[in-house]
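The values are calculated or read from the model by the stated rules, or taken from the named source; none is laboratory data. This one's a predicted model, so the numbers in the text were calculated from it and none came from an experiment. Using ideal geometry, Cβ is built from the backbone for each residue, glycine included, and neighbour counts are taken over all protein chains shown. To get the accessible areas, we keep the full protein, side chains included, count just its heavy atoms, and leave off ligands, DNA and RNA. Shrake-Rupley method; radii C 1.70, N 1.55, O 1.52, S 1.80 Å.
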2 protein chains.
Amino acid sequence: MQASMHSFSVPVFVKTLGNLSAILGKAAAYAEQKKFDPAVLLAMRLAPDMFPLTMQVRIACDFAKGAAARLAGEEPPKWDDGETTIAELQERIARTIGFIEGFDAARFVGAESRTVTLTIRGEPVEYAGLAYLAHVALPNFFFHATTAYGILRHAGVELGKRDFIGKV
Amino acid sequence: MQASMHSFSVPVFVKTLGNLSAILGKAAAYAEQKKFDPAVLLAMRLAPDMFPLTMQVRIACDFAKGAAARLAGEEPPKWDDGETTIAELQERIARTIGFIEGFDAARFVGAESRTVTLTIRGEPVEYAGLAYLAHVALPNFFFHATTAYGILRHAGVELGKRDFIGKV
């Protein structure tokens with residue numbers, strides 16, 4: 001098994017997204033056990049000017065979806081951001097996993113040097129594929145997935161780092 | 001530039017560790033401006049059974065140090081965990097950056113299939129180098145670096161995701 005653009009993207013995203021879905025399942029069970037509306041968790045934030053849980057999960061999904069598509073030279077599809085329940089967020093995660101699993105290693109041949117153009121604050125910014133994956137997509141993906149976990153830990157959901165890392 | 005074990009380890013760790021050091025600098029400035037002891041920040045946690053900021057920074061450093069050494073077939077050096085100030089944590093980060101920058105891409109040739117043995121809860125666990133980097137070292141590194149950021153955001157330090165991601 002060689003290091004490749006694929007080995008540091010699709011399987012990494014799939015694993016962490018699966019773990020995130022299970023974490024959300026534990027959050028739903030916690031709300032049920034404590035008899036509060038799980039939507040309370042979805043609106044929680046670590047700071048007033050940080051995104052709430054719902055957005056953290058969505059953005060993690062979108063970095064995974066965006067990276068897979070862009071590294072294959074495609075424009076990522078836009079999906080509605082209408083999720084209002086934990087089950088709907090888990091559905092977005094499942095959809096993301098299904099989408100990115102459609103990209104096998106052959107799709108990313110040459111992706112290191114493929115130009116990826118993002119629009120950042122209204123301006124086009126170009127990256128080589130390798131820098132985009134290593135320094136934009138992966139850090140952002142883990143940033144949002146970890147922040148989702150942190151929100152739920154702060155809210156009292158019984159989780160441990162093993163829930164985040166999973167079995168390796 | 002080809003995707004390699006090096007391109008998804010040393011430069012990724014160096015960049016995020018540098019950003020983390022700057023984030024800690026902003027935390028120190030915040031404590032000074034608000035006239036509180038910065039050690040308060042170092043002891044903060046997102047949940048009672050999560051590690052405090054000091055440990056989050058140390059562990060992020062140690063996943064970077066451990067990955068670089070192990071992927072090169074070396075045992076990582078053990079460093080004292082005596083930091084009690086922000087400046088000392090920044091010094092650990094600087095030492096980590098210096099250490100891992102000593103590993104160039106040539107040191108990681110064949111690292112994909114090199115067996116990495118960790119001791120987890122007293123038991124030896126073996127990974128192929130590629131799985132270790134993609135599914136253990138990188139996720140854990142970002143988990144702890146992001147949690148350090150989240151603690152400081154929750155504490156009111158003025159930061160944005162750009163401080164975490166940096167310039168790409």
Quiz item: When only residues in region B:118-137 that are among the hydrophobic types (A, V, I, L, M, F, W, C) and part of a helix (DSSP H, G or I) count, which is surrounded by the fewest Cβ atoms within 10 Å (Cβ to Cβ)?
Solution: B:Ala131
Exercise. Could you list, in sequence order, all residues of region B:15-40 that are closer than 16 Å to B:Thr147 by Cα, touching a Leu at 6+ places or on another chain (Cβ under 9 Å), small (Gly, Ala, Ser) and away from chain A (no Cβ under 14 Å)?
Key: B:Ser21
Exercise. Kindly indicate whether any position in region A:154-163 is open to solvent by 10 Å² or more (accessible area, probe 1.4 Å), in a helix (DSSP H, G or I) and more than 30 Å from A:Ala27 (Cα to Cα).
Key: no
Self-check item: Selected residue [aliphatic (A, V, I, L, M), at the interface with chain A (Cβ under 10 Å from one of its Cβ atoms) and over 22 Å from B:Ala68 (Cβ atoms)] from B:Val157, B:Val168
Solution: B:Val157
Quiz item: Of the residues that make up region B:95-118, is at least one under 27 Å from A:Arg162 (Cα atoms), at pLDDT 95 or above and touching a Cys at 6+ places or on another chain (Cβ under 8 Å)?
Solution: yes
Quiz prompt | Filter pass, B:Ala148 being facing another protein chain (nearest Cβ under 8 Å), assigned to a helix (DSSP H, G or I), open to solvent by less than 70 Å² (accessible area, probe 1.4 Å) and not acidic (Asp, Glu) | solution = no
Quiz item: Is there any pair linking a residue in region A:104-126 that is closer than 17 Å to A:Glu75 by Cα to one that is open to solvent by less than 70 Å² (accessible area, probe 1.4 Å) and among the aromatic types (Phe, Trp, Tyr), with Cβ under 7 Å and at least six apart or on different chains, and which?
Solution: A:Val116/A:Tyr127; A:Val116/A:Tyr132
Practice problem: Look through A:Thr54, A:Thr96, A:Thr16 and report the one residue that is out of contact with any Phe, Trp or Tyr (no Cβ under 6 Å at 6 or more places or on another chain), within 30 Å of B:Val109 (Cβ to Cβ) and surrounded by 14 or more Cβ atoms within 10 Å (Cβ to Cβ). | Solution: A:Thr16
Quiz item: Quick one: which of A:Ala47, A:Ala27, A:Ala64, A:Ala3 is open to solvent by less than 10 Å² (accessible area, probe 1.4 Å) and without any contact (Cβ under 8 Å) to a residue 24 or more places away in the chain?
Solution: A:Ala47
Quiz prompt | Filter result (open to solvent by 60 Å² or more (accessible area, probe 1.4 Å), under 26 Å from A:Met1 (Cβ atoms) and not small (Gly, Ala, Ser)) within region B:99-117 | solution = B:Asp104, B:Arg107, B:Val109, B:Arg114, B:Thr115, B:Thr117
Quiz item: Checking A:Gly98 against (1) on the phi > 0 side of the Ramachandran plot; (2) among the small types (Gly, Ala, Ser); (3) in a helix (DSSP H, G or I), which test does it fail?
Solution: (1)
